[in-house]
1. To make sure I understand the rule: partners must be lysines, Cα under 27 Å from the Cα of Lys190, and not fewer than 8 residues away in the same chain. Which ones qualify?
2. Run down the aspartates and glutamates and flag those whose C-alpha is under 18 Å from the C-alpha of Lys174, throwing out any fewer than 8 positions away in its chain.
3. Can you name the helices of the chain, as whole DSSP H runs, whose Cα span along the helix axis is 20 Å or more and whose Kyte-Doolittle mean is not below 1.6?
4. Between Ile179 and Val79, what length in nm is gained on full extension when 0.36 nm per residue of separation is reduced by their alpha carbon distance?
5. With θ taken as phi - 60° and the coefficients 6.51, -1.76 and 1.60, list the Karplus ³J(HN,Hα) couplings across the range 148-161 in order, rounded to whole Hz; mark glycine and proline as x.
6. When the helix-only estimate is applied to the chain (DSSP H runs of n ≥ 4, each -39,500 (n - 2.57), divided by the residue count), what is the mean residue ellipticity at 222 nm, nearest 500 deg cm²/dmol?
7. Given a cut-off of under 8 Å on Cα pairs at least six residues apart, what relative contact order in percent is computed for the chain?
8. Taking amide H positions as placed in the peptide plane 1.01 Å from N, state which residues far from Phe166 in sequence (5 or more) or on other chains have amide H under 5 Å from it.
Amino acid sequence: MFVFNSVMMSLLSVYSLLTIAEQYASAGLLSQISNPVIRIAVSFMLLDLTLYFWHKANHMFNFLWMFHQVHHSDPSFNVSTAFRLHLVELLLTAGLKALYIIVFGVDKAVVIISEAVITVFVIFHHMDVSVPGEKWLGRIIIVPYLHKAHHSTLREEHDHNYGAVFSIWDHLFKTIIEIRPAEIGLRYVKTQDFMALFLLGFTRFQSSRH
């Protein structure tokens, strides 16, 4: 799934986003900010906020959860979990990012930097490790113990901690939870091969989501 997604996203998503950024960088809302450092910082914060709401929407709306459940179906929690994503979810996310680039006028360099930083953080917070000072760091960024709670089998636990990089959005919008989940994954998902997971994305969600 990692290889398949990487090839598809390299061919479709990254190239498309860079092409869109090249065309719309000077036309969006952020083009009014002359200082490049401030423009990059504001752009990244707004992107992270956008991804927070997008992630939350993937849990709230049944159509989006159908695809997002593939990510949550991993019965373990490790770096490979970060790449267990359904192709349709990846394409929808790319579409959201494209809209974001057009509205705010994000240039190619910022797109590359943002994608790199977010990818590193996504890998980081799927690592099943304890981080020194994680309680303090967790007030600012998403650390593994916070995201592990997001992968709990219990819906009342996994419908929290939506942040991609910053945890400040979860604190601000009251979606933060600090627990040690007893079990990871989705109990109703039994098969784990590539085709089964691909088809799972087109399967109506289970009401309990356990």
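1. Partners found: Lys56, Lys148.
2. Cross-link targets: Asp48, Glu156, Glu157, Asp159.
3. Going by DSSP H runs, the hits are 87-104, 108-125.
4. 34.0 nm
5. 4, 4, 5, 9, 4, 5, 7, 4, 5, 9, 7, 8, 8, 6
6. The helix contribution divided over the chain gives -16500 deg cm²/dmol.
7. The normalised contact order for the chain reaches 27 percent.
8. Residues meeting the criterion, in which the H sits 1.01 Å from N, are Ile142.
We did not get these values from a lab; they are worked out from the coordinates using the rules stated. Everything numeric here is computed off the predicted structure, so don't read it as measured data.
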